[in-house]
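Asker: Sending over a structure as structure tokens; questions will come in a sec.
The values are calculated or read from the model by the stated rules, or taken from the named source; none is laboratory data. Predicted, not measured: the structure shown is a model, and the values here were computed from it. Backbone-built Cβ (ideal geometry, glycine too); neighbour counts: all protein chains shown.
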Amino acid sequence: MIDLQVSDIRTFIPSSDFELSKDFYGALGFEVDAIDADLALLSVGDHAFYLQRYYVKDWAENSMLYLTVADAQACFEQIDALLSGGRFPGARVAAPKREAYGAVVTYVWDPAGVLLHLAQWDE
């Protein structure tokens, strides 16, 4: 077996409106660091992904990020309030739902249709 000695894994996420998506993730609490005009590194704590100025509808609507959070209900309430003003067209949030695998999950769709799973695990 190959020993890659991986220290980090990051995915690339599309955006249909790069500036809007950067603002959206910033409003969710991510630090947004522009790399160039078409790419940004979005991070929260020790976790990060790349947001790119590139969009294919089918790809965006089949992309997902899974985030473990402390309180799925609080996330829902805060994101629902954030989205209520219409600042992020296309973005939406669903009330928390207990999933069969044991987590309570708040689903959030970003402005491009990327699905975020904000999962709170039972202790």
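Asker: Mind checking which residues of the range 12-56 are hydroxyl-bearing (Ser, Thr, Tyr) and over 15 Å from Pro111 (Cα atoms)?
Answerer: Ser43, Tyr50
Asker: A further question on this structure: What about Val56, is it among the hydrophobic types (A, V, I, L, M, F, W, C), surrounded by fewer than 16 Cβ atoms within 10 Å (Cβ to Cβ) and touching a Gly at 6+ places or on another chain (Cβ under 9 Å)?
Answerer: No.
Asker: Related question: Looking only at the range 101-123, count every residue that is within 16 Å of the chain's Cα centre (by Cα) and either part of a helix (DSSP H, G or I) or in contact (Cβ under 8 Å) with a residue 24 or more places away in the chain (or both) and tell me the total.
Answerer: Result for the range 101-123: 14.
Asker: Filter the range 1-33 down to residues that are loosely packed, with under 12 Cβ neighbours inside 10 Å and among the small types (Gly, Ala, Ser) and give me whichever is modelled with the highest pLDDT.
Answerer: Out of the qualifying residues, it is Gly29.
Asker: Considering each residue of the range 64-110, count those that are hydroxyl-bearing (Ser, Thr, Tyr), closer than 20 Å to Phe49 by Cα and surrounded by fewer than 18 Cβ atoms within 10 Å (Cβ to Cβ), and give that number.
Answerer: So the answer is 2.
Asker: Return yes or no: is Ala91 hydrophobic (A, V, I, L, M, F, W, C) and out of contact with any helix residue (DSSP H, G or I) (no Cβ under 9 Å at 6 or more places or on another chain)?
Answerer: In short, no.
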